[in-house]
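The values are calculated or read from the model by the stated rules, or taken from the named source; none is laboratory data. As the structure is a computational prediction, the values presented were derived from the model and not from experiment. Note: ideal-geometry Cβ built from the backbone for every residue, glycine included; neighbour counts use all protein chains shown.
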Amino acid sequence: MDSPSRPDGDARTRRGPDAGGLVLLLLPALAVVWVLFGGGLALGLVQALGYLPVAGLGELSWGHFARVLTDPDFIRSLLLTFYIAGTSTSIAAGISILTALLLASLVERSRVIHFMFQVPLTVPHLVIAVAAVFMLAPAGLFSRAAVALGWIQTSADFPLLINDTWGVGIILTYVWKEVPFITMMILAVLRQSGNALLDVGRTLKASPWQRFRYITLPTIFPAVGAASLIVFAYTFGAFEVPFLLGRTYPMTLPVWAYKNYSDIDLLARPEGIATGIVIALVVMLAVVLAQMLTKAARKRGVIL
């Protein structure tokens, strides 16, 4: 006797829209991306190659890229940008892992903690940069508090954290802003599958370190990698924070690109655009490498 048919059918036999239907559904969004991003990138590349009629440039060449890549100031700015983006991302990821592990059991019980970690996500980086100036400057809030507590004699004794050589103020700003973002990504993974896997580890008599090494880290690695990638990509191409908190020399690459692009000498504009394209290429390369490493780690079941 035939079994009664279900109105909704078997989930395994139901088919979604074909490739053509998906393309049609995504076409409006893809069109906006192609026109705004693709068109802007193409226009920037043409101008970086030297086609800028308003400045009297009408011949395409790689000369502007060559001058940018061989400029000692560009090399210093590139190294500084890598240092700030890499350091702030590494510190934020490390703090986020520890914080997520500590809060994994508390977030389910306390909505206040969850809300507190979401607050920094809604604050723009520009607002945080301005707040950092008022707090970390030699005459800022922390300096005055240290004087009032007797830790230092005058504000001049307060360590230089704004416009300093090592970009401490920039790094602290990025870390404070990005730790909640990475922490929320890790907590979502831990709440979904981390606790169940840890229970299995306890059943198998695994030590706390073994559970952390062989269960927790492989579980959260894709989330940490994806979130860290987003943070690195943003901090590498961010402009407002290093512009307000960084030194005038050497500058980060986004600030250096803005300086050349906004120069009154229009002949410097192609070099500024070329620098921006270099920034985009570095971010795209980081995305590809991160995806390759994450895929390899998932296949091997190890942490690279």
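General remarks:
- Taken as a whole, the condition of being more than 15 Å from Ile171 (Cβ to Cβ) and hydrophobic (A, V, I, L, M, F, W, C) does not apply to Ile84.
- In the range 184-207, the residues that are surrounded by 16 or more Cβ atoms within 10 Å (Cβ to Cβ) and in a helix (DSSP H, G or I) reach residues that are among the aliphatic types (A, V, I, L, M) and modelled with pLDDT under 70 with C-beta atoms within less than 7 angstrom, at least six apart or across chains, in these pairs: Leu187/Val107.
- Residue within the range 142-157 that is within 18 Å of Val175 (Cβ to Cβ) and in contact with a helix residue (DSSP H, G or I) (Cβ under 7 Å, 6 or more places away or on another chain) present: yes
- Looking only at the range 135-172, residues that are of a type in the set (Ser, Thr, Tyr), loosely packed, with under 12 Cβ neighbours inside 10 Å and either at pLDDT 90 or above or more than 15 Å from Pro242 (Cα to Cα) (or both) come to 1 in all.
- Taking first residues from the range 78-99 that are assigned to a helix (DSSP H, G or I) and partners that are of a type in the set (S, T, N, Q), the Cβ contacts under 6 Å between residues at least 6 apart in sequence or on separate chains come to Leu80/Thr252; Thr81/Thr252; Ala85/Thr235; Ser88/Thr235; Thr89/Ser228; Ala93/Ser228; Ser96/Thr183; Thr99/Thr183.
- Flag for Ala238 being under 21 Å from the mean Cα position of the chain (by Cα) and of a type outside the set (Asp, Glu): yes
- In the range 48-88, of all residues being of a type in the set (Phe, Trp, Tyr) and under 14 Å from Met251 (Cβ atoms), the one that is modelled with the lowest pLDDT corresponds to Phe74.
- Test: Leu101 is over 26 Å from Thr216 (Cβ atoms), modelled with pLDDT of 75 or more and either over 27 Å from the mean Cα position of the chain (by Cα) or surrounded by 14 or more Cβ atoms within 10 Å (Cβ to Cβ) (or both): no
- Within the range 245-265, residues that are under 19 Å from Leu69 (Cα atoms) and crowded, with 18+ Cβ neighbours inside 10 Å reach partners that are of a type in the set (Lys, Arg) and at pLDDT 85 or above with beta carbons closer than 9 Å, at six or more positions or on different chains, in the pairs Pro250/Arg76; Met251/Arg76; Met251/Lys259.
- Selected residue (criterion: farthest from Asp164 (Cα to Cα)) from residues of the range 105-126 that are at pLDDT 75 or above, among the aliphatic types (A, V, I, L, M) and surrounded by 12 or more Cβ atoms within 10 Å (Cβ to Cβ): Val123
- Residue in the range 34-44 that is touching a residue at least 40 places away in the same chain (Cβ under 8 Å), surrounded by 14 or more Cβ atoms within 10 Å (Cβ to Cβ) and at negative phi present: yes
- Filter pass, Thr216 being among the polar types (S, T, N, Q), at pLDDT below 80, assigned to a helix (DSSP H, G or I) and surrounded by 22 or more Cβ atoms within 10 Å (Cβ to Cβ): yes
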